[in-house]
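> Got a structure here, written out as structure tokens. Questions coming.
The values are calculated or read from the model by the stated rules, or taken from the named source; none is laboratory data. Everything numeric here is computed off the predicted structure, so don't read it as measured data. Ideal geometry is used to build each Cβ from the backbone, glycine not excepted, and the neighbour counts take in all protein chains shown.
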Amino acid sequence: MPTDRATVPRSRSRLRWPVEPAQGGWYTAAEHAAVDALLAESDNWRIGWKAAVGVAAFEEAFAVYTGSRCAVAFNSGGTALEMLLRCLHLGPEDEVVSCAVNFVGPHLAVIGQGARLVLAEPALPTLNLDPADTERVLSARTRAIVVTHWNGAVCDLRPFVELAARHPHPVHGPPRVIVDAARACGGRSPSGARVGAEGWATMFSFESKKLMTTLGQGGMVTTNDAFLAERLRQLRTYGGTQEWGTNQMMTKAQAAVGLVQLARLDEMNDARIARAHQRTTLLSDVEELTPPPTLPDRQHLYYRHNLLVPETWAGRGRDALMETLAREYGVGSIISDRPAYLFHRRVREHVGGRSCPRAERLIDRLLCPCLHPRIPAADEQQITDAIRQATAQVARTYPAP
Ligand SMILES: *Cc1c(COP(=O)(O)O)cnc(C)c1O
């Protein structure tokens, strides 16, 4: 039986800092003004909440920002990814590769489209999908590779594009490189491009916790493939006049707030990066903890500040550190993300007995203490002090590395 470490009691009620921030991107007077103006304008029977014009303006700005040819807005990142996969017309013979260390949503999107989900291992230092292990699991049935920029660590897509070119599907050609950038909006890749400009298509989420948010829900796909963009627009609005489709439109209010958030995104990301670097520096003398990599050749956005404990602490030592942080210091932290087959029945049944031992070993060493640029600086100092002290306490029980 897989152990469900997510159920480790962590004295949540006494937490002074929650296990994770409820909001990523935050609002200023400009977002409030945008919503007020829309309410005033739209409460009119001739105007109403028709979204097309406002959504098109947001899409246009998003395409320009990311340097991609097209952007198509959706009501969530999850539906955006699902529609993207739908455009591949996948069947039970088709395989889609994805990293075992990932949010459960991308896995379910593959399963939901009737294809076979094939998990591959993550690689240090980012824990993004490992190109070498991806090559191991590629087959003549592979139709797509989902590459997630995990926790803000922008992944180099070039090895995956090369791999896809070397392993074409006999009928459909090279597997599509689909990018999940839900946690990396505004990042830059080693090629210098903004996240969203490379690969077949990139999915973004504007859910509440993400780096920018459109009133708590929302998503976007960017692509340089105009044909794909048109197909996605049809799927989003009842199939145009030809095909199956449904309603997955973003609202006018979400688009208006999105425009303001997008204009503020770099500033918000810079604040987050500065805070993450500060935490890494303050913890640099704690030799038991491995901080997230800084990745100087690209832009790491630190959606979460991942800490890895020593291998000898994996599992129980890590749990003890999280519990000590919560109980004695009120600092919440989460394990984001455990391989979904360990805790999600549908994914577990789908992958059968197959597992990713490297992913499991790494995640047994992971904790992500709460990080947000809006946490007051004095609190941040207390959080890092707590991490240092709690680590010293755990080190008395668990052997040194
Ligand atoms: C949030 C998230 C999603 C899904 O986005 P929603 O807008 O919440 O549906 C997908 N992948 C990753 C990595 C995420 O963090």
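> Does Arg338 qualify as being part of a helix (DSSP H, G or I) and either free of Cβ contacts under 8 Å to residues at least 40 places away in the same chain or not assigned by TED's automatic domain parsing to the domain that holds Asn151 (or both)?
Spelling it out, it is not the case that Arg338 is part of a helix (DSSP H, G or I) and either free of Cβ contacts under 8 Å to residues at least 40 places away in the same chain or not assigned by TED's automatic domain parsing to the domain that holds Asn151 (or both).
> Also, I was wondering about something else. Can you name the residue in region 371-401 that is within 20 Å of Ile334 (Cβ to Cβ) and of a type in the set (Lys, Arg) and is also farthest from the chain's Cα centre (by Cα) among such residues?
Arg388
> Name the residue that is surrounded by the fewest Cβ atoms within 10 Å (Cβ to Cβ), counting only residues in region 158-194 that are within 16 Å of the ligand (Cβ to nearest atom) and closer than 18 Å to Ser98 by Cα.
Among them, the one singled out is Val177.
> Is it fair to say Ala109 is buried (at least 19 other Cβ atoms within 10 Å of the Cβ), more than 16 Å from the ligand (Cβ to nearest atom), of a type in the set (A, V, I, L, M, F, W, C) and closer than 25 Å to Arg236 by Cα?
no
> Looking at Ser76, Ser98, which is the one that is under 11 Å from Ala144 (Cα atoms), modelled with pLDDT of 95 or more and either within 12 Å of the ligand (Cβ to nearest atom) or touching a Gly at 6+ places or on another chain (Cβ under 6 Å) (or both)?
Only one candidate qualifies: Ser98.
> Here's a follow-up. Being crowded, with 21+ Cβ neighbours inside 10 Å and touching a helix residue (DSSP H, G or I) at 6+ places or on another chain (Cβ under 7 Å) is the filter here; which residues of region 114-125 pass it?
Within region 114-125, Leu117, Leu119, Ala120, Glu121, Pro122 meet the criteria.
> Please state which one of Val118, Val101, Val96, Val154 is within 18 Å of Gly196 (Cα to Cα) and of a type in the set (Val, Ile, Thr).
Val154
> If you check Val147 against the conditions, is it assigned to a strand (DSSP E or B) and under 25 Å from Glu60 (Cα atoms)?
So Val147 fits the description; yes.
> Are there any pairs with C-beta distances below 7 angstrom linking a residue in region 186-207 that is in the same structural domain as Val146 (by TED's automatic domain parsing) and over 15 Å from Phe160 (Cα atoms) to a residue that is within 16 Å of the ligand (Cβ to nearest atom) and modelled with pLDDT under 95, with the two at least 6 apart or on different chains, and if so which?
Correct list of pairs: empty, since none qualify.
> Does Val118 satisfy the criteria of being in a strand (DSSP E or B) and not hydroxyl-bearing (Ser, Thr, Tyr)?
Against the criterion (in a strand (DSSP E or B) and not hydroxyl-bearing (Ser, Thr, Tyr)), Val118 qualifies.
> One residue is enough: does region 27-49 have a residue meeting the conditions surrounded by 22 or more Cβ atoms within 10 Å (Cβ to Cβ) and either within 19 Å of the chain's Cα centre (by Cα) or outside the structural domain of Gly353 (by TED's automatic domain parsing) (or both)?
Checked region 27-49: no residue is surrounded by 22 or more Cβ atoms within 10 Å (Cβ to Cβ) and either within 19 Å of the chain's Cα centre (by Cα) or outside the structural domain of Gly353 (by TED's automatic domain parsing) (or both).
> Here is a follow-up. Taking region 247-290, which residues are assigned to a helix (DSSP H, G or I) and of a type in the set (Asp, Glu)?
Correct list: Asp266, Glu267, Asp270.
> Here is a further query. How about region 195-209: which of its residues are within 12 Å of the ligand (Cβ to nearest atom), surrounded by 24 or more Cβ atoms within 10 Å (Cβ to Cβ) and not hydroxyl-bearing (Ser, Thr, Tyr)?
Within region 195-209, Met203, Phe204, Phe206 qualify.
> When you check Ala276 against the structure, is it surrounded by fewer than 19 Cβ atoms within 10 Å (Cβ to Cβ), touching a residue at least 12 places away in the same chain (Cβ under 8 Å) and among the small types (Gly, Ala, Ser), yes or no?
The answer is no for Ala276.
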